[in-house]
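The structure under discussion is supplied below as structure tokens; questions concerning it will follow.
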Amino acid sequence: MTALINRDTDYAVRALCYMAQRPKELVAVVGMCEELRVPRPYLRRILQALASTGILASFRGRGGGFRLAKPAGRIRLIDVIKVFQGRVDFTRCMYHGKLCPDAKVCPMRKTLKSIEADAVKRLRETTIAGLVAG
């Protein structure tokens with residue numbers, strides 16, 4: 001079974017929610033690791049990926065860390081998913097490790113595309129600020 005949200009995306013969203021609750025602070029990786037219970041090298045790699053896409057701003061050196069590069073209300077869940085998982089695609093069926101040869105004639109494809117469109121719409125509407133608000 002393939003999960004809609006993988007571990008990298010989950011940790012990224014958790015880190016972004018943590019930072020959204022401290023919007024003015026420069027957050028050190030060490031403190032965040034302890035709070036979120038994520039291994040430091042793993043979290044650092046995730047935060048650097050978010051910084052490389054402009055979701056976070058990073059500051060090096062003594063007293064460095066990360067903070068949101070834009071308001072939490074403008075960071076959409078779909079954008080975080082794309083960083084770590086690529087495009088949401090419910091119809092990319094696999095068969096023995098290869099793309100399904102029957103994809104073009106699949107009776108489920110139209111329905112799955114419709115479900116995918118609804119899911120993408122909701123993921124686009126969901127922001128980090130909305131997740132923090134609860």
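The values are calculated or read from the model by the stated rules, or taken from the named source; none is laboratory data. Keep in mind that this is a model prediction, so the values were computed, not measured. Neighbour counts are summed over all protein chains in view; Cβ atoms, including those assigned to glycine, are modelled from backbone coordinates with ideal geometry.
Would you be able to say whether some residue in segment 72-80 is more than 16 Å from Val13 (Cβ to Cβ) and in contact (Cβ under 8 Å) with a residue 12 or more places away in the chain? Spell out the reasoning first.
Step one: of segment 72-80, the residues more than 16 Å from Val13 (Cβ to Cβ) are none.
Within segment 72-80, none of the residues are more than 16 Å from Val13 (Cβ to Cβ) and in contact (Cβ under 8 Å) with a residue 12 or more places away in the chain.
Just to verify a result, which residue in segment 55-95, among those that are modelled with pLDDT under 90 and among the β-branched types (Val, Ile, Thr), is farthest from the chain's Cα centre (by Cα)?
Checking each candidate, the answer is Thr91.
Still on this model: Name the residue that is modelled with the lowest pLDDT, counting only residues in segment 96-128 that are of a type in the set (Lys, Arg) and part of a helix (DSSP H, G or I).
Our first condition is that a residue be of a type in the set (Lys, Arg); within segment 96-128, this holds for 98, 104, 109-110, 113, 121-122, 124.
Within this subset, residues satisfying the condition of being part of a helix (DSSP H, G or I) are 104, 109-110, 113, 121-122, 124.
Numbers: Lys104: 73, Arg109: 77, Lys110: 80, Lys113: 84, Lys121: 95, Arg122: 95, Arg124: 95.
Top of the filtered list is Lys104.
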